[in-house]
1. Separation between the TYR292 and SER84 pseudo-spin-labels, each 7 Å from Cα along Cα→Cβ, expressed in nm?
2. Provide ARG293, ARG47 in ascending order of the number of other Cβ atoms located within 10 Å of each residue's Cβ, fewest first.
3. Along the positive direction of the dipole of the chain (beta-carbon charges: Lys, Arg +1; Asp, Glu -1; about the Cα centre), which of THR100, VAL88, PHE287 reaches farthest?
4. For region 132-204, just run the numbers: alpha carbon Rg, then divide by 2.2 N^0.38 Å, N being how many residues it has.
5. For SER246 paired with GLU71, estimate the spin-label separation in nm (one decimal), with each label point 7 Å from Cα along the Cα-to-Cβ line.
6. Report the rotationally averaged projected area of region 39-116 based on its alpha-carbon convex hull, in square nanometres.
7. Which value, to two decimals, describes the C-alpha radius of gyration of region 207-319 once divided by 2.2 N^0.38 Å?
8. What FRET efficiency do you get for SER111 and LEU51 if R0 is 25 Å and r is their Cβ-Cβ distance, rounded to the nearest 0.05?
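What follows is calculated from the coordinates using simple rules that are stated; it is not laboratory data. None of these values were measured; they are calculated from a predicted model. Every residue, glycine among them, receives a Cβ derived from its backbone with ideal geometry; neighbour counts consider all protein chains shown.
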Amino acid sequence: MTKNENSGFKDNVFKFLIVILAVIPMFLLTNCNKGKVEIYGVADTVRNCSLPYVAEFFPDAEFGSGDVLFEWDFGDGTSSNEESPTHVYNTAGLYQVTLTITNKEAVESKSISLDLRTNTLPVIAEWDYTTYTDKLWVPSEIFFQNYSEHATSYYWSFGDGSYSTARNPSHIFGNTGTFNIELSAICEGDTVKFAKLLTILPPPSDLYIEDVLVWLPSEFLHTNVYCEVYFNSYSEAESATAVNISSFPAVLPIRKELFYFHGDFNDDVITFEIWEQSDSYNPAYVFSIPLYRIQDDFYPDVLTWEGNGGYAAEVHVQYQ
């Protein structure tokens with residue numbers, strides 16, 4: 001073997017070892033994640049106030065991405081392989097409920113004590129909510145989570161003349177004001193109420209554009225693009241230029257509050273023009289949205305568009 005051949009052989013061996021060293025941790029990490037099981041707790045909800053008790057169980061756990069086996073022992077001689085089962089207890093007693101999760105070689109178990117030793121249980125009423133944004137601007141669609149215990153039916157009063165008997169309802173508040181949201185949890189004539197006040201605010205008065213993410217056809221690779229923003233044909237801002245784009249999406253920072261917008265969500269339109277720097281006559285892509293559409297969608301943080309031929313965009317916004 002010549003000196004050059006020996007040098008080339010060593011280089012190839014070195015490259016091979018580098019590839020192996022890079023792949024092995026990824027392989028081990030992937031398989032470890034697939035086999036990982038960790039149970040943090042077992043949650044339960046009992047829905048009846050007297051026998052028979054209907055208990056719902058939920059695992060608070062991580063169990064990776066591989067094939068998962070759930071084994072529930074309800075403590076009364078019965079079991080289930082469902083992830084979140086419902087079980088009926090026909091006899092009063094203290095039950096040890098055990099969840100075992102198996103994923104590849106990993107196995108973990110967790111047990112809780114379910115105290116159903118009395119023939120009746122007190123009704124407990126409690127709820128919370130989630131919404132699209134961190135502030136409750138009008139209109140607001142609110143999703144209510146019912147955490148009541150030992151109830152068989154529910155009655156919601158939303159404080160605006162609307163009602164619901166769903167267990168976990170959603171409701172749209174179309175007016176500003178402070179509303180008394182009251183949940184009545186009911187079982188066999190026993191009614192317990194839980195209420196909280198929610199204040200629905202006027203619409204946001206400022207709209208801040210963070211950045212624009214844009215996808216363009218492959219012909220725009222290795223070009224320079226930027227974005228111009230208009231409010232009802234008034235120029236608002238121009239983004240920084242993405243130079244020599246190697247892949248999409250291209251990120252075009254705006255970082256500016258709209259000057260001409262003053263909180264009226266009507267037919268006014270925000271327009272985004274994407275320009276390829278060498279073409280000063282025609283934008284590569286134009287997309288727009290009327291303000292009432294933003295309000296109808298309950299003030300989303302991300303505005304999205306998708307056109308034909310590989311054109312698409314996301315605009316990240318904040319409301320103030």
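1. About 3.8 nm, to one decimal.
2. Working: ARG293 15, ARG47 18.
Lowest to highest Cβ neighbour count: ARG293, ARG47.
3. So the residue furthest toward the plus end is THR100.
4. Details: Rg = 13.1 Å, N = 73, 2.2 N^0.38 = 11.2 Å.
Here the Cα radius of gyration is 1.16 times the empirical estimate.
5. 5.1
6. Working: hull surface 19.1 nm².
Averaging across all directions leaves 4.8 nm² for the Cα convex hull.
7. So region 207-319 has a normalised radius of gyration of 1.03.
8. Values: r = 23 Å, r/R0 = 0.92.
With a Förster radius of 25 Å, E is 0.60.
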